[in-house]
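J.: This is the structure, below, for whatever I ask next.
Where a number appears in this text, it was derived from the coordinates with a stated rule and is not lab data. Note that the structure is a prediction, hence the values are computed from the model and not measured. Quick reminder, even Gly has a Cβ in these numbers, built from the backbone with ideal geometry, and neighbours come from all protein chains shown.
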Amino acid sequence: MTLEAPLYQQALTFPARQDRAFIAAAFDTEGVLRPSAGGLLVAQRAAGTNMSVDVAAGSCIVAGDDEANQGSYFCRSTAVENVVIGAAPGSNSRIDLIVARVRDATVTGVSSDWILEVIPGAVAASPVVPSTPNTAIPLAKVTVATGTTAITNAMITDLRTAAGNTSYLGTAGGTMTGELVVPDLKVTGLTGSVTASRYVGANTGAPTTGAHLVGDWIIDPTGKVWICTVAGTPGTWVQVGAPAPALIGRTYHAPGTQVNYAPSAANALQAIDTTNLTVGFTAPASGVVLVRLTGVINDLANSSNMAWGLVLHSTSTLVGVLSFINSSSGVSAVRSAAIL
């Protein structure tokens, strides 16, 4: 019969193969369900190490490999199972493979069940992992060296992979390929990073419209990453790893002759000839402009207090002063002022 009856219609009989076909359609990649939660994890014996391992409770999907259109099987274990490992070799070592294997009497003529099975590897100086049998998935490999009397976690390598559907949807812990089209991608986080974060798309620069939450982030077409630090519409956005401000310009003032000034009233400011000491620039929309003044003060009279500094021309605001107390002849210094 080419057209099989739709599943689960009233008063109809359905072959198990049809259920397995449904499972295969839902999970086109065999493996463990939620391996990140510890499902079917192989570990040393919890009741005391010996030549056996414990396999945690869990579920898995096993694809049938014995014949065409066999479908996939859902297998579930509700408690920890102990699996015995064979005695250690007298020389060299071997690698044993622990698998979850389905036995289907309608296909192979043997029991209809699923088992946790140890596939012994060949003893060798450089042992290799044995092949996974048909209709089985690997859970772990165990390296058994000469003289081993107890299996520990250091000898066990986890081989579990996640079951899922790579064509359109992955399960927890799974892998998804292809294109997923959604308005945003929200990650709830793992242990230690439990605050939700959303990738909300791309924009040229920080978003200027739309409501956003703290932790939202975008990548703009130039490769810059922006993160929302304050929720709102559009919220406050900060560029990650913003480059250091570029040098806008540089100018020097070096009078050919010494400039002398007579003492003036206390706290009075005496302006130096700044004809060649002016730096002009277009102020950026945000950020800091750093202006640095360097030079030498020759105090021939050993004044008790001297100062020099920077004045913001547009507002005549003094933005930086460097003072010399009981200065002596030939004092040199560097003064930097940040203009916000």
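J.: Per-residue counts of other Cβ atoms within 10 Å, averaged by peptide: what ranking do you get for 214-224, 134-144, highest first? Before the final figure, lay out each step's value.
T.: Numbers: 214-224: 14.8, 134-144: 21.6.
Peptide ranking by packing, descending: 134-144, 214-224.
J.: From the mean inverse distance of alpha carbon pairs (Kirkwood) and the Cα radius of gyration, derive Rg over Rh for region 38-118.
T.: Details: Rg = 14.9 Å, Rh = 14.4 Å.
My calculation puts Rg/Rh at 1.04.
J.: Still on this structure: What residues have an amide H closer than 5 Å to that of Trp114, excluding those fewer than 5 places away on the same chain, when H is modeled at 1.01 Å from N in the peptide plane?
T.: For Trp114, whose amide H was placed from the backbone, the distant partners under 5 Å are Arg103.
J.: Check which residues have an amide H placed less than 5 Å from Ile85's amide H, if you skip close sequence neighbours.
T.: Residues meeting the amide H criterion: Ser52, Val53.
J.: Listed highest first by mean packing, meaning other Cβ atoms within 10 Å per residue, what order do 123-131, 37-45, 92-100, 17-25 come in?
T.: On the way: 123-131: 12.9, 37-45: 19.1, 92-100: 20.7, 17-25: 16.3.
In decreasing order of mean packing, 123-131, 37-45, 92-100, 17-25 become 92-100, 37-45, 17-25, 123-131.
J.: Test of understanding: what is the full-extension gain from Val240 to Ala105, defined as 0.36 nm times their sequence separation minus their Cα-Cα distance?
T.: Numbers: separation 135, 0.36 × 135 = 48.60 nm, distance 6.00 nm.
Length gained, Val240 through Ala105: 42.6 nm.
J.: Determine, for Phe27, Phe74, Phe14, the number of other Cβ atoms within 10 Å of each Cβ, and report the residues in order from fewest to most.
T.: Starting with the residue having the fewest Cβ neighbours, the order is Phe14, Phe74, Phe27.
J.: Let's test the formula: R0 of 56 Å, r as the Cβ-Cβ distance of Ala87 and Ser59. What FRET efficiency results, to the nearest 0.05?
T.: Numbers: r = 32 Å, r/R0 = 0.56.
So the FRET efficiency works out to roughly 0.95.
J.: Another question, if that's okay. Across region 17-29, in residue order, what do the Karplus-derived ³J(HN,Hα) couplings come to in whole Hz, using 6.51 cos²θ - 1.76 cosθ + 1.60 with θ = phi - 60° and x for Gly and Pro?
T.: 4, 6, 5, 5, 5, 5, 5, 5, 6, 6, 10, 7, 10
J.: Still on this structure, I have one more. Provide the gained length on full extension for the span Thr49 to Ala211, in nm with one decimal, where the gain is 0.36 nm per separating residue minus the Cα-Cα distance. Mind dumping the intermediate values first?
T.: On the way: separation 162, 0.36 × 162 = 58.32 nm, distance 5.61 nm.
Once the chain is fully extended between Thr49 and Ala211, it gains 52.7 nm.
J.: Could I ask something else about it? As I understand it, the dipole of region 1-124 uses +1 on the Cβ of Lys and Arg and -1 on the Cβ of Asp and Glu, about the Cα centre. Which of Gln70, Gly58, Ala26 lies farthest toward its positive end?
T.: Gly58
J.: Could I ask something else about it? Report the full-extension gain for the segment Ala79 to Asp19: residue separation times 0.36 nm, less the Cα-Cα distance, to one decimal in nm.
T.: 19.1 nm
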